Amino acid sequence: MRISKRVLWLGAVCVGLWNSPVMATIQQEKLGIIGPDTLGIAAEADENADIPMLPTVEEISLTPAIPEELLRERFAKLEKSIPLTYHKSSHEFVEYFIYKKTKFTISMMEKMPLYFPLFEKTLQKYGLPTELKYLSMIESGLNPTALSRVRAGGLWQFMPATGREFGLYQDSYIDERFEPVKATEAACRYLKQLYNIFGDWELALASYNTGPGNVKRAMRRSHGTTFWGIWNALPKETRSYVPQYVAMNYMMNYGNDHGVYAQNTEYQIPNDTIHVNGYINLVTFCENTGIEFEELNKLNPQLTKTILPDQTRDFVLKVPSVKYTYLMSNRNVIMDSCTRRLLPSGVLLAGIDSARAASLGKGAYPYAFVDSDREGNEYAEEVVTKIKSQKSSHTVKRGETLQAIARRYDVAVAELKRWNHMRKNAVKRGQRLVFYRDVKVKVKPAIVASAKPEKELAKIDTIEKAVLAENEEQDEAEEIRQSSVTKIQSKKSSHIVKRGETLESISKKYNVEIAELRNWNHIRKSAIRGGQKLIVYKDVKVTVPAATIASSKNEKAERAEKEENRKSRHIKMRYHTVQQGDTLWNISLRYGLPVTDLKKANKIRGNEIKPGMKLIVSS
């Protein structure tokens, strides 16, 4: 009796499901902007409106405007590697994009030339079907700065943790999920990984939307092996995801047949690149170069604020090509204005020595005065902030993961595992984890004196005249009394790598470039291990007795020439291999060489260099 009741109940449920109309539920979530909006992203209301606000349930009317036979025929023509299965929900979305969301469809047609060349090139690189390029339209409406309520961001809508897993860097100033090139690379790797799991493109697309775990769970519940076989067991949003993709693929190829045309087609802005190291104010940079800030933001959507911090290293900033020549010819003035550290107002730095004052020339004042209305003590101390690596620890609490701990302290998961000698990501409650992070340390340099401009100007003039007069009188006597000459020479030393140290922290410690450390030690990658011995060259002051210098000018010049020739024979040539995005300017900044010297040493007439070129960078 019990068995018969169960059989009857199961039969009734099956009949009810069979007779129920097939409904295509549609993605309800409209992407919104969250978090700090320093670049005016929220003001782009039209951009965010590009992502369709679709109704909860859509059904095919009894008299559809587009014949079913026509869609079936065209779907078959369009189908390549990814199946374009006709379904009532796909039919509904085609009509939806034609009649209800015409503006959205037009904007997608207009943006195709902007991103599709990049998508097609990257998909071909990874051996993926090129028709996957239409997926980004459903994900983000081709808006590189789109952010959803659940913090998925960018053209391909990566969650923060998934983005980090696929190498997309994120901090308070840069979010590479918004960078089209890197985000597309990550999306291709992710899609390829999903296809390797399921071996079916429709299931791979569904898992891109809801995650592979949910798709596998739906397969277990329904015992299906295809997307349409597990359709009823999938989340509502995912059921409409593949039909939306099919409809968008159709619209981009046959939209014109339904009277939908692109009006203002968008194209990529021709651009060049510069490398940024350290602090830069992007608003000031735009004002001095004549670049529109919106244009700079469009070229660099990964920037989330109007500045880059002090710890910025080798950030590639894209600038419009039409402004590049002006930027190169005025680079010193422009970069000084947007990267210079100004002294706090109202301070008078301590005087320098007389030899240094004389080298400044007549009329120079050996003090740095900054105007201010601030009143204070007669003497105050100026504080300089430096960044040092500090060791800390964290005790794992219940429910915490390695990824969550890494996000909390803004470090990479790989670094956490390396610092704690971990092979897997599993952590236990109560486990003590060691980590290193950069902290700001205040250092007190020379004493500075507070000054009131109105009262001190007369004193300043008097001091300036007195110092300069004294220097002029003592010039000859100083040369006679000078018993030694100070020279700067390069001295070889070594450094033993300690636990937690990186090439970046070591380069900061010795005030050298990372590229120089790699060159000196023949290191190709950034990885170093504890106990490794690194060679470091430092500039040191060497005192040479004045008696060794000949009194005759001709003899002195002859000796200097011989010395220079002798040194040149022992100097090891340093080279730089040109990378993609390198320019003569950023290479000259990296190695501290004037562009003219760099061009002269390498016999370069113009300003063009190509990746793979080997340039001499010895000073």
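If you place +1 on the Cβ of every Lys and Arg, -1 on the Cβ of every Asp and Glu, and leave all else neutral, what size is the dipole of segment 232-314 about its Cα centre, to the nearest 20 Debye?
Dipole of segment 232-314, to the nearest 20 debye: 460 debye.
Around Glu608, with a cut-off of 13 angstrom between Cβ atoms, what is the net charge of the other residues, counting Lys and Arg +1 and Asp and Glu -1?
Result for the neighbourhood of Glu608: +1.
If you bin the C-alpha pair distances of segment 178-280 every 10 Å from 0, what whole percents do you get?
Each 10 Å bin holds this share of Cα pairs: 12, 30, 26, 19, 10, 2.
Per 10 Å bin from zero, what fraction in whole % of the C-alpha pairs of segment 127-251 is there, up to the bin with the longest pair?
Over segment 127-251, the share of Cα pairs per 10 Å bin runs 13, 44, 34, 9, 1 percent.
When the Cα centres of segment 137-207 and segment 81-97 are compared, how far apart do they sit, in Å?
Using only Cα atoms to place each centre, the spacing works out to 24 Å.
Within the accessible area of segment 67-159, what % is carbon and sulfur when the probe is 1.4 Å and the other protein chains stay in place?
It is 52 percent, rounded to a whole number.
What Rg and what Dmax come out for segment 222-289 when only alpha-carbon atoms are used, in angstroms?
23.1, 64
From Cα coordinates alone, what are the radius of gyration and Dmax values for segment 177-226 in angstrom?
For segment 177-226, the Cα radius of gyration and maximum Cα-Cα distance read 12.3, 40 Å.
Run through all the Cα pairs of segment 229-343 and give the fraction in each 10 Å bin from 0, expressed as whole percent.
Whole-percent P(r) values from 0 Å outward: 11, 31, 17, 15, 18, 7, 1.
Could you compute the net charge surrounding Ala406? Neighbours are other residues with a C-beta less than 10 Å from the C-beta of Ala406; K and R count +1, D and E count -1.
Once positives and negatives cancel, what remains is +2.
Between beta-carbons, use under 11 Å as the cut-off and find the net charge around Gly430, counting Lys and Arg +1, Asp and Glu -1. Mind dumping the intermediate values first?
Working: positive: Lys397, Arg398, Lys428, Arg429, Arg432; negative: Glu400.
Summing Lys/Arg as +1 and Asp/Glu as -1 gives +4.
The values are calculated or read from the model by the stated rules, or taken from the named source; none is laboratory data. Computed from a predicted structure; not experimentally measured. Don't worry about glycine lacking a Cβ; one is built from the backbone with ideal geometry, like all the others, and counts go over all protein chains shown. The area values use the complete protein model at the heavy-atom level, side chains included, leaving out ligands, DNA and RNA. Shrake-Rupley method; radii C 1.70, N 1.55, O 1.52, S 1.80 Å.
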